[in-house]
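Presented below is the structure to which this report refers.
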Amino acid sequence: MKTPEPTACHEMEALLPAYVEHSLPAAEAERVAAHLPTCPGCQLQVTQLRALSDDLDAALPEVPRTALRANFIAMLEQQKAQLKPEATFAAPPAPPEAKVVSMWPTALANNWLRIAASIVLIAAGVLLGRNLHWGAQPPADLAANTRPAHAELAQALTGSNGNTVSASDRIQLVTNSSRQNEPGDPTVQVLINTLNFDPNPNVRLAACEALYRLRDDSRVREALVHSLPIQTDPNVQITLIDMLVSMRVRRAVPQLERLAKRPDALPVVRAQAEAGIGKLI
Amino acid sequence: MAAVKADDLDQLVPLFERYHGPLFNYLTRLTNDRETSEDLTQTVFERILKYRSSYQPTQPFKAWVYQMARNVHADHWHRKEKLRAADVDEVERTGGLRGAAFSQMRVSNHHDDLHEALALLPTPQREILVLNRFQGFGYEEIGKLLGCTAEAARVKAHRALQALRKIYFAN
Ligand SMILES: [Zn+2]
């Protein structure tokens, strides 16, 4: 058996991806099929391309945080608010009232239902997606460098050491705080305080997730239940509901019932609370 | 999208639901940075609203929105370059701070070999593979988006796949 010409292999390199995905015209596919048995190098390429293709097909998508949706909804509401006076005052030839009215309550109700459904899905996806990796250890240097003792953590988070810490840095602190902890860790109390009192909803959300990682600690369930009436941000509310449901915390039901009736809660939050009650009882 | 164009902004919600995940993925693969990609995804939807009157109903929405996402990413890239040139010290200082936050945010879900290999590809090659393999774009659609023929898109995608293979199986 003679060694294949290097030029032949070079030509093969361009053809093999199409060969593997079965999109080569018959004549070229035949040429590849004739070359392959004579050439271990090209055979290896085919094996690798197939494996790579399978791995690409199996790759999981990145899931955005729920904050993305919250920001989008906020932006949309802002744009709608800007639009309304224009529609009334600029008065284009078509009847503007019809346009304004039609956006209100029926269209909105429909959309809220749609948002509600998708938030549930996304939130579940976030939980599941993160769950898979929560067990994994962070790189050792990162954990060592950024994990202060609970007292320092509390100081840093509340700014009581005189330094103001930005929201994104607080998120970082909170996220790293729960990587390695032992039973009775005072970090849990720090995180509970952050969940209830940090002014930034994204930091509170990070505290939720950090606490969820520490859910084996007996204080966590209680704290999540008690935090429900304190929270006003819809993302934090929905995250709490999802966590309580996934941890099957039945004593959250009375709080969920109250939340489901709260007039200041968004319809989507109230619907989620209702759904949560349904799953817990 | 025609309804959004006619100022019924609530009709953007179902479009957001359908596209924000894929767009976020696309941008995350381009930037290798989840936090930035959330901002850029938001920017895409801001621009959809801002430029809604320029939407042609004959045009597929998907093509239009990905074109928008490409532009948003290109702007982000240029801004970053300009910033780097304008004030290296400043970027180094804040870059260091942000670096700490990014180290766990960026592509946090997958610390696997495949995504590491993808991240090593030049951006144009990575983009074409992401569109083809993760976003469900056919070669025809890729060609339209990148301004080349479907056949050229196919050749580029295959070259990118070979390049990825070499990185992926390097050791
Ligand atoms: Zn060969």
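The values are calculated or read from the model by the stated rules, or taken from the named source; none is laboratory data. Just so we're clear, the structure is a prediction, and the values are computed from it rather than from any experiment. So basically every Cβ, Gly included, is an ideal-geometry build from the backbone, and we count neighbours across all protein chains shown. All accessible areas refer to the heavy atoms of the entire protein, side chains included, with ligands and DNA or RNA removed. Shrake-Rupley method; radii C 1.70, N 1.55, O 1.52, S 1.80 Å.
Applied to region B:32-44, the Karplus parametrisation 6.51 cos²θ - 1.76 cosθ + 1.60 on θ = phi - 60° returns per-residue 3J(HN,Hα) values of 6, 8, 5, 5, 4, 5, 5, 4, 5, 4, 4, 4, 4 Hz, with x for Gly and Pro. Among the residues of region B:123-171, those with an accessible-area drop of 10 Å² or more from chain alone to full protein complex, heavy atoms and 1.4 Å probe, are B:ARG133, B:PHE134, B:TYR139, B:ARG154, B:HIS158, B:LEU161, B:GLN162, B:LEU164, B:ARG165, B:LYS166, B:TYR168, B:PHE169.
Chain A against chain B buries an accessible area of about 4600 Å², both chains summed, 1.4 Å probe radius. Using the Cβ-Cβ distance between B:LYS166 and A:LYS84 with R0 set to 51 Å, the FRET efficiency works out to roughly 0.35.
Could you tell me which of rounded, prolate or oblate describes region B:35-76, using a ≥ b ≥ c as the square roots of the eigenvalues of the alpha-carbon gyration tensor, with rounded for a/c under 1.5 and, failing that, prolate when a/b is larger than b/c and oblate otherwise? Here region B:35-76 falls in the prolate category. Sparsely packed loop sites in region A:186-268 (the trypsin sites (Lys or Arg not before Pro) outside DSSP H, G, I, E and B with at most 12 other Cβ atoms within 10 Å) comprise A:ARG248.
On the beta carbon distance between A:ASN193 and B:GLN56, with R0 = 45 Å, the FRET formula returns roughly 0.25. Once the Cβ-Cβ distance of B:ASP75 and A:LEU60 is raised to the sixth power relative to R0 = 30 Å, the FRET efficiency obtained is 0.60. Semi-axes of the equivalent ellipsoid of region A:187-281 are 20, 16, 10 Å, computed as sqrt(5λ) over the eigenvalues of the C-alpha gyration tensor in descending order. Rounded, prolate or oblate: which fits region B:113-171 when a ≥ b ≥ c are the square roots of the eigenvalues of the alpha-carbon gyration tensor, with rounded for a/c under 1.5 and prolate only if a/b beats b/c? In terms of gyration-tensor shape, prolate. Using the Cα gyration tensor of region A:1-87, with a ≥ b ≥ c the square roots of its eigenvalues, what is the shape: rounded (a/c below 1.5), prolate (a/b larger than b/c) or oblate (neither)? Cα axes put region A:1-87 in the prolate bin.
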